[in-house]
Amino acid sequence: MYIELKDQSSFIQKAIIKAGSQRKLSNIIDIPHSSIDRYLSGGFIPDKRFELISNFLEIKNSNKLIKNKFENNFRQRIGGKSCVEFKKRNGTFERDMKNIQNKQSERLKQWHSKMKRDNPKEYYSKQYSRFKKIGGYKYKSKNGEKVRNLFEKQVADILFDLRIDYEYEPLINVRDQYFFPDFLINKKIIFEVTAWEGETKAYKLKDKISYLDEKYKVYVIIPKHLYKYYKILNNHLILGLDDFASVAQTILADMVKNRSNR
């Protein structure tokens with residue numbers, strides 16, 4: 001049995017977006033890249049593959065998406081198989097497939113542009129959620145959330161031990177730019193945490209801080225031995241976990257004082 005959907009292009013695009021790319025979708029659901037291209041351009045989908053993609057998208061009532069159903073021998077009846085063979089002999093099959101790929105790429109670009117413009121918060125949240133799944137956050141803090149690495153876990157655990165409430169990688173917006181800072185305290189203080197060896201990261205953080213500084217007090221926590229790479233951020237640096245614990249205690253004292261003065 002083959003399936004034709006009411007809005008097939010959108011259905012396939014949603015699966016591609018959820019997977020992260022067409023190649024990743026192909027690997028996840030074990031459907032050839034060329035078949036996904038064909039379905040994206042309107043080619044009928046075998047019912048078993050339709051079920052695979054529907055399950056991947058966690059669609060509960062997938063039947064409502066179906067426009068038509070065809071028996072397995074429909075290709076012979078409408079000459080589809082002969083058409084493909086003719087195109088291959090005529091040298092137009094590869095060209096048509098390339099055109100399909102280009103159209104699919106253009107549709108994805110248009111979707112990204114539309115989402116960034118119309119629903120930026122939803123767009124960046126979904127993109128970042130996919131990134132986290134791919135990146136693999138392997139460490140678990142005392143507070144229960146999964147973090148990127150041991151250094152972030154140690155920072156999170158110090159905050160937890162001091163009973164300082166924090167948000168881990170929240171979405172924030174400054175001047176129409178969206179960021180996910182490592183730790184946000186009291187909606188006012190940001191801690192960026194990195195143990196990356198190299199100046200490239202320092203310059204990226206400098207650019208990021210140029211936005212964040214408008215609304216937040218920003219600190220960058222690094223291991224002491226990496227200071228030579230990050231000295232351009234000198235006014236924002238905290239060198240090592242001991243210094244961070246001291247800064248965190250000062251912040252806690254200020255928070256307690258502010259609460260008592262209310």
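Here is a yes/no grid of residues against (1) at pLDDT below 95; (2) closer than 14 Å to Ile164 by Cβ; (3) under 30 Å from the mean Cα position of the chain (by Cα):
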site	(1), (2), (3)
Tyr219	no, yes, yes
Asn234	yes, no, no
Leu237	no, no, yes
Ile251	yes, yes, no
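Listed here are the residues, each with its yes/no results for (1) over 15 Å from Asn234 (Cα atoms); (2) touching a residue at least 12 places away in the same chain (Cβ under 8 Å).
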| position | (1), (2) |
| --- | --- |
| Pro170 | yes, yes |
| Tyr178 | yes, yes |
| Pro181 | yes, yes |
| Ile185 | yes, yes |
| Ile190 | yes, yes |
| Glu199 | no, yes |
| Leu205 | no, yes |
| Ser210 | no, no |
| Lys217 | no, yes |
Being over 23 Å from Tyr137 (Cβ atoms), of a type in the set (A, V, I, L, M, F, W, C) and within 23 Å of the chain's Cα centre (by Cα), is that true of even one residue in the range 178-186?
-> no
Which members of the range 187-212 meet the condition of being closer than 22 Å to Ile251 by Cα and loosely packed, with under 14 Cβ neighbours inside 10 Å?
-> Lys187, Lys188
Residues that are of a type in the set (Gly, Ala, Ser) and modelled with pLDDT of 75 or more, drawn from the range 106-146 | Ser113, Ser141, Gly144
If you go through the range 244-253, how many residues are closer than 15 Å to Phe191 by Cβ and either without any contact (Cβ under 8 Å) to a residue 12 or more places away in the chain or among the hydroxyl-bearing types (Ser, Thr, Tyr) (or both)?
-> 2
Restricting to the range 146-199, what's the tally of residues that are under 25 Å from Lys231 (Cα atoms) and of a type in the set (Phe, Trp, Tyr)?
-> 6
Number of the condition not met by Gly91 [criteria: (1) at pLDDT below 85; (2) at negative phi] | (2)
Within the range 16-59, of all residues that are under 13 Å from Gln104 (Cα atoms) and among the hydrophobic types (A, V, I, L, M, F, W, C), the one nearest to the chain's Cα centre (by Cα) is Ile17
Elements of type strands (runs of 3 or more DSSP E) contained in the range 145-262, each with 3 or more residues being within 27 Å of Lys116 (Cα to Cα) and of a type outside the set (A, V, I, L, M) = 177-179
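The values are calculated or read from the model by the stated rules, or taken from the named source; none is laboratory data. No experiment lies behind these values; they were computed from the predicted model shown. We place every Cβ from the backbone using ideal geometry, glycine too, and count neighbours over all the protein chains shown.
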